[in-house]
1. Hey, if you put +1 on the Cβ of every Lys and Arg and -1 on every Asp and Glu Cβ in segment A:5-165, which of A:PRO41, A:ALA144, A:GLY24 ends up farthest toward the positive end of that dipole?
2. Considering the Cα trace of the protein assembly as shown, what is its radius of gyration and what is Dmax, both in angstroms?
3. Quick one: which residues, 5+ away or cross-chain, put their amide H under 5 Å from the amide H of B:VAL30? H built at 1.01 Å from N.
4. Among A:THR108, B:LEU157, A:GLY91, whose Cα projects farthest towards the positive end of the dipole of the protein assembly as shown, with charges put on the beta-carbon of Lys, Arg (+1) and Asp, Glu (-1)?
5. Hey, with R₀ at 56 Å, roughly what FRET efficiency would B:SER29 and A:ASP62 work out to, going by the Cβ-Cβ distance, to 0.05?
6. Using the 7 Å Cα-to-Cβ label point, sort the distances from B:VAL63 to its equivalents in the other copies shortest first and give them in nm to one decimal.
7. Read phi for every residue in segment A:42-53 and hand back ³J(HN,Hα) as whole Hz from Karplus 6.51 cos²θ - 1.76 cosθ + 1.60, θ = phi - 60°, with x for Gly and Pro.
8. Please give me the summed charge of the neighbours of A:VAL104: other residues whose Cβ is under 13 Å from its Cβ, Lys and Arg +1, Asp and Glu -1.
There are 2 protein chains.
Amino acid sequence: MGGVVRVLGVDPGLTRCGLGVVDGGKGRSVTSVAVGVARSPQEDELASRLLTVSTEVERWMDVHRPQVVAIERVFSQHNVRTVMGTAQVSGVVALAAARRGLTVAFHTPSEVKAAISGSGRADKKQVTAMITKILGLTEAPKPADAADALALAVCHLWRAPMMDRLAQAEARAAELARNHRAKLKEAQRKQGADTNAAPGTGGRTR
Amino acid sequence: MGGVVRVLGVDPGLTRCGLGVVDGGKGRSVTSVAVGVARSPQEDELASRLLTVSTEVERWMDVHRPQVVAIERVFSQHNVRTVMGTAQVSGVVALAAARRGLTVAFHTPSEVKAAISGSGRADKKQVTAMITKILGLTEAPKPADAADALALAVCHLWRAPMMDRLAQAEARAAELARNHRAKLKEAQRKQGADTNAAPGTGGRTR
């Protein structure tokens, strides 16, 4: 395995939930492992549909054993009914990952587009074409949800090192700020002590 | 147990998930069994918070053994971030219920208000006051999420028989319509046969 990180990308949905497994190696090297969709019948009740999709996604987790599950972050500017179902699926997928102790990451559609195509405004066709090329696939993954899931996994692999570096830089900056504040306090304390030590000066007068 | 139906009402939320167990007997008689909240720390990651809340809700299912789980239906007209978390919690709760083979029902806030207070526009205070009175509690359940969960359970107990009657009436109406269509078809077929049987009449001329 070496430095290989395996990511399961999930494009959440009740009717079609896109699933894509990608291995990330050194630098930006990525390899497609598996791609597909979990489906649930539209005529079933919501709770039963969540169970069907969750069972299939969990099967993928158990078969492919990813270290990370990257899920598309859902926004509510779209159709209310669809978005609620999508959010519910993203919740049950995150839960299944947390139960297995896997890292869970959320990426927005524009983060995925930007990572894959260099533009946050790329359309679905462009994302599919780019992910097909990036992973060296002989044909475009279908349906679009499956292609999106692969794109999510690749996005995670390419963004994660940057996000780690950013987190480290922020932690270092916070530490420096803390040290600076501590030194400042120490200096103020000393100055205060010096002032108090000098009798007749600095005392507060009513 | 007899005709008693036990309902777990769930007011989904990541920070506070309201939980209320109510037994419904004959007519509109209802008895409060348990009320509380499942919480998750705001500083935890989303997946971990979902796991915390889900584990607690599942504990309630296992301890109180409800036949039905009534969940507040989430709408997206509110704050985007909050609604997504709420929808995700409602998803994991519905999944846990489906795994246990329990009936899952969703009710909107206005359905709950209408069932409890007779008005879909009642405010939180009125709902809390009404549910305290309905269940004969010595003091109002706190926080509001806990009171809402009890209201959801009572709403389900009072709406379910109506909804069942409605479903039966609709099924009966559908059957009558089917029979009517079948008879009409049969009559048309007969008429067609009679017409064909009479030579020289009813034939189509170019």
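What follows is calculated from the coordinates using simple rules that are stated; it is not laboratory data. In this text, all values refer to a predicted model and were calculated from it rather than measured experimentally. With ideal geometry, Cβ positions are generated from the backbone for all residues, glycine too; neighbour counts draw on all protein chains shown.
1. Toward the positive end, the furthest listed residue is A:GLY24.
2. In order Rg, Dmax, the Cα atoms of the protein assembly as shown give 29.8, 134 Å.
3. Answer set, sorted by chain and number: B:GLY25.
4. A:THR108
5. The computed FRET efficiency comes out at 0.75.
6. Counterpart label points of B:VAL63 in the remaining copies fall at 3.9 nm.
7. Rounded to whole hertz, the list is 4, 7, 6, 6, 3, 4, 5, 5, 4, 5, 4, 5.
8. +1
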